[in-house]
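**Student:** Mind having a look at this structure? Questions to follow.
The values are calculated or read from the model by the stated rules, or taken from the named source; none is laboratory data. These numbers come from a predicted model, not from an experiment. Here Cβ is always computed from backbone atoms with ideal geometry, including for glycine, and neighbour counts include all displayed protein chains.
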Amino acid sequence: MVDARPEIRPAPRLRVIFLGPPGAGKGTQAARLAEWAKVPRISTGDMLRDAIAAGTPLGRQIAPLMEKGALVPDDLLIGVVQERLLHKDCAKGYILDGFPRTLKQAEGFEHMKRGDATTDVYVLNVEVPRDELLRRLSGRRWCPHCQSTYHIYNNPPKDDSLCDKDRTLLIQREDDKETAVARRLAEYDERTAPLIEYYRGRSRFYTVNGYRPPDTVFAELKGLFVKAPA
Ligand code: AP5
Ligand code: MG
């Protein structure tokens, strides 16, 4: 008689890199995916903004760069991410939102101490037309307390200008102002877009059309993975 017991598989580990220009929806989708899969979302932008808010030496060093939309030096980022990936909560997986962003960072990631092989990592490349990116960034509002993101038209808070989670007054990120946005897009074109070719040959590279409602994008992303157990 055939044994009908289901196959017992090891718990899946979700490790993801989000690629995509500013405003593509990386943070929006990374937050949802992390919550669904119960793994940490590692947003380098949020970590750097935390350092600025806390007034640490790192924060003071990077504030002028971030404000004008320039990238922070690679070695700093590699150190910050390496340290974060060694935390216990990354053992079951992690979602990288905003890293790597240059070839040097991608190479740095390959050499980091982590419990996984680079080839096991999914790379999700989110594509959105440029005029839509500009619309999203100019309308984005942000909670300086919990870092939740809203949009004045696409995803407004329930109560005018207040964060749904902690009722902090929402503000516009300094680097969402016009001149900084232009610089961020230029940095993306010059230094981050080449990562698409760097990762394209891998079996776990996916390009996702991000120019659709957030629920539709998320449904597609979720479909790529087996649900992690509770
Ligand atoms: P970071 O915070 O990573 O910013 P970014 O890459 O410029 O990306 P954004 O956060 O602007 O966009 P997103 O793709 O996350 O979109 P979101 O989901 O918010 O980095 C900031 C700075 O930190 C950098 O400029 C650099 O200085 C520094 N830095 C960080 N990492 C670094 C690194 N590795 N190396 C060097 N420097 C680094 O969505 C945008 C808006 O659109 C929101 O309002 C949202 O509600 C809306 N939206 C989202 N999805 C949709 C949808 N499907 N339809 C309609 N609207 C949508
Ligand atoms: Mg983001």
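**Student:** Out of the stretch 153-164, which residues are exposed (fewer than 12 other Cβ atoms within 10 Å of the Cβ) and more than 9 Å from ligand 1 (Cβ to nearest atom)?
**Tutor:** So in the stretch 153-164, the residues exposed (fewer than 12 other Cβ atoms within 10 Å of the Cβ) come out as 153, 158-160.
Those that are exposed (fewer than 12 other Cβ atoms within 10 Å of the Cβ) and more than 9 Å from ligand 1 (Cβ to nearest atom): K158, D159, D160.
**Student:** For the stretch 123-146, which positions are surrounded by 19 or more Cβ atoms within 10 Å (Cβ to Cβ) and touching a residue at least 60 places away in the same chain (Cβ under 8 Å)?
**Tutor:** Residues satisfying the conditions are V123, L124, N125, V126, V128, L133, R136, L137, R140.
**Student:** Continuing with this model, one more query. Within the stretch 95-108, how many residues are more than 16 Å from ligand 2 (Cβ to nearest atom) and in contact (Cβ under 8 Å) with a residue 60 or more places away in the chain?
**Tutor:** Count: 3.
**Student:** Would you please name the residue that is surrounded by the fewest Cβ atoms within 10 Å (Cβ to Cβ), looking only at residues in the stretch 31-51 that are more than 15 Å from ligand 2 (Cβ to nearest atom) and part of a helix (DSSP H, G or I)?
**Tutor:** Restricting to residues being more than 15 Å from ligand 2 (Cβ to nearest atom) and part of a helix (DSSP H, G or I), the top hit is E35.
**Student:** Right, another one. Checking the condition closer than 24 Å to N154 by Cβ, more than 10 Å from ligand 1 (Cβ to nearest atom) and modelled with pLDDT of 95 or more, which residue from R60, R41 passes?
**Tutor:** After ruling out the rest, the residue left standing is R41.
**Student:** Has the stretch 194-214 got at least one residue that is more than 17 Å from the chain's Cα centre (by Cα), in a helix (DSSP H, G or I) and free of Cβ contacts under 8 Å to residues at least 24 places away in the same chain?
**Tutor:** Yes, that holds for at least one residue.
**Student:** Another question, then. Please work out if K26 is more than 16 Å from ligand 2 (Cβ to nearest atom), closer than 24 Å to R141 by Cα and in contact (Cβ under 8 Å) with a residue 60 or more places away in the chain.
**Tutor:** Numbers: more than 16 Å from ligand 2 (Cβ to nearest atom): no; closer than 24 Å to R141 by Cα: yes; in contact (Cβ under 8 Å) with a residue 60 or more places away in the chain: yes.
So K26 fails the test.
**Student:** Now a separate question. I'm trying to understand the selection: among the residues of the stretch 125-152, which are polar (S, T, N, Q), within 11 Å of ligand 1 (Cβ to nearest atom) and not in a helix (DSSP H, G or I)?
**Tutor:** Q147, S148, T149
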